[in-house]
Amino acid sequence: MNNQKINVKKLIWQLVLLTLLIASVFGCGQTVAEAPKNINVGVVVYDQNDTFLSEMLAKFKDDLKAKTPEGVTFTCTVRDAANAQQTEDNAVSELLDGGCNVLCINLVDRTAPSDIIQLAKEANVPVIFFNREPVEEDLMRWDRLYYIGADAKQSGVYQGELAAEFCAAHEGVDRNRDGKIQYVVLEGQPGHQDAILRTDNAVNTMLDQGVSLDKLGYRIANWNRAQATNQVSQLIDQFGSAIELILANNDEMALGAIAAYDQKNITATDYPVFFGIDGTTPGLEAVVNGSMAGTVYNDQKGQADAMAALTIRLALGQDLSDFGLINGKYIYKDYYKITRQNVKNFTS
């Protein structure tokens, strides 16, 4: 009988210990499941000094912070490719080694993303390309590649429409009264898709709207204000006051062109009309003060917002079926024409 009592007591203690052990196991499992997740975002840009990109990335970081769910932390590491594709490839490799779980890439060379795609695919880390669109064949190489940006053709058409409308409303643009507008184009980069589309569509749109044009020349200024100042200074030395219109592929080059005229101490009545693209803060300010006749707003806020939202969904493994991706890959944000009449809507 005593032995039976002892066995019963042992059995009871064994059951108690087993119950405590099970509770302990489930308790630990619950703690692990509720541990905060970390979104580690790696960003590489072709040139961190680019005004449009620096403004867009500042907005992206704010949006990422605002959209990150409660209980989830995030880090965002931005690297500068210094306009060298090999530097960008190396930066991507280092970010992946550092444990990033989403890559956001602004390509140096839109035709050379192969190494980045291969590195990301091997690490199973999704890539959001932005602002510089890879060719379609590259974007289709893996189902975790995406693009967020805008249609460069639209920006060129809008710039051409702005310029044509301004010329029609201001006869004084044709200073020599020869019935033609003598113009110069400042292009962003040799062979760059956006530069080509912006230039061709701006000029063709003006011609389609009945503006007679006389091309004095074009210069490459690599999206850069200082280079544009230097190039336009040479054009002023060559053509003097004959230049009546300057179409720049971005605001920075338009502002550089204006600076060239300011440095030459040329009479204001001999200045050409300037148009840019991007709607950066300095560009909008130039429209407000009248030194630039107009620009085309590249929706950096909309692109940053979409990139932040997509980054979080990808990092957390969430469904993308309702995200509005075109062909499961693309998000395009519209451009907007900006003149002195509506610029205040974009400067708040």
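Just from its helices, what would the mean residue ellipticity at 222 nm be for the chain, if runs of 4 or more DSSP H residues each count -39500 (n - 2.57) and the sum is divided by every residue, rounded to the nearest 500 deg cm²/dmol?
-15500 deg cm²/dmol
Which residues make up the longest stretch of the chain clear of chymotrypsin sites (Phe, Trp or Tyr not before Pro) that lie in a DSSP loop with no more than 16 other Cβ atoms within 10 Å, not counting the sites?
No qualifying site falls inside 143-322, the longest such stretch.
For the pairs K37/K59; K153/K264; K65/K333; K59/K121, note any where the Cα-Cα span goes beyond 30 Å.
K153/K264, as the Cα separations exceed 30 Å there.
Suppose all protein chains stay in the model; what accessible area per residue would a 1.4 Å probe give for the chain, in Å²?
Value returned for the chain: 48 Å² of accessible area per residue.
What part of the accessible area of the chain, given as a whole %, is carbon or sulfur when the probe is 1.4 angstrom?
49
If I model a spin label as a point 7 Å beyond the Cα along the Cα-Cβ vector, how far apart are those points for I326 and E94 in nm?
3.5
For L145, L119, write out the residues from largest to smallest accessible area, computed with a 1.4 angstrom probe and no ligands counted.
L119, L145
Length gain on complete extension for the stretch A242 to T87, per 0.36 nm per residue less the alpha carbon to alpha carbon distance?
51.5 nm
Name the longest site-free stretch of the chain, where the excluded sites are GluC sites (Glu not before Pro) in a DSSP loop with no more than 12 other beta-carbon atoms within 10 Å.
Within the chain, the longest run free of exposed GluC sites (Glu not before Pro) spans 71-348.
Given a Förster radius of 35 Å and the C-beta distance between A168 and N230 as r, what FRET efficiency does 1/(1 + (r/R0)^6) yield to the nearest 0.05?
For A168 and N230, the calculated efficiency is 0.60.
May I ask you to list the residues of the range 275-290 whose amide nitrogen lies under 17 Å from a point 7 Å from Cα along the Cα→beta-carbon direction of A58?
So the set is 278-286.
In degrees, nearest 10, range 0 to 90: what is the angle between the Cα axis of helix 152-169 and the longest Cα principal axis of the chain?
30
Just check the range 155-303 against the gyration tensor rule for me: Cα atoms, a ≥ b ≥ c as the square roots of the eigenvalues, rounded for a/c under 1.5, and otherwise prolate or oblate depending on whether a/b exceeds b/c.
Here the range 155-303 falls in the rounded category.
Could you work out which residue, out of M140, M307, M253, moves most in a Gaussian network model of the chain, that is, has the largest mean-square fluctuation with Cα springs under 10 Å?
In this elastic network of the chain, the residue with the biggest mean-square fluctuation among M140, M307, M253 is M140.
M206: net charge of surrounding residues, Cβ under 12 Å, Lys/Arg +1, Asp/Glu -1, itself excluded?
Summing Lys/Arg as +1 and Asp/Glu as -1 gives -3.
Using the Cβ atoms and a cut-off under 13 Å, what net charge is assigned to the surroundings of V232, where Lys and Arg are +1 and Asp and Glu are -1?
-1
Could you work out how far helix 300-315 tilts from the main Cα principal axis of the chain, as a 0 to 90 degree angle to the nearest 10?
Once rounded, the angle reads 20 degrees.
If I build a Gaussian network model for the chain, linking alpha-carbon pairs within less than 10 angstrom, which residue out of Q189, Q234, Q48 has the largest mean-square fluctuation?
Q234
Find how much the distance from S114 to D262 grows on full extension, using 0.36 nm per residue of separation minus their present alpha carbon separation; answer in nm with one decimal.
48.9 nm
By how many degrees, 0 to 90 and rounded to 10, does the Cα axis of helix 251-263 deviate from the longest principal axis of the chain?
It is inclined by approximately 40 degrees.
Just add up the charged neighbours of G294: K/R +1, D/E -1, any other residue whose Cβ is under 9 Å from the Cβ of G294.
In short, +1.
The values are calculated or read from the model by the stated rules, or taken from the named source; none is laboratory data. Being a predicted model, the structure only gives us computed values, none of them experimental. All Cβ positions, glycine included, derive from the backbone under ideal geometry; neighbour counts span all protein chains shown. When the accessible area is computed, the model is the full protein with side chains, heavy atoms only, and any ligands, DNA or RNA have been set aside. Shrake-Rupley method; radii C 1.70, N 1.55, O 1.52, S 1.80 Å.
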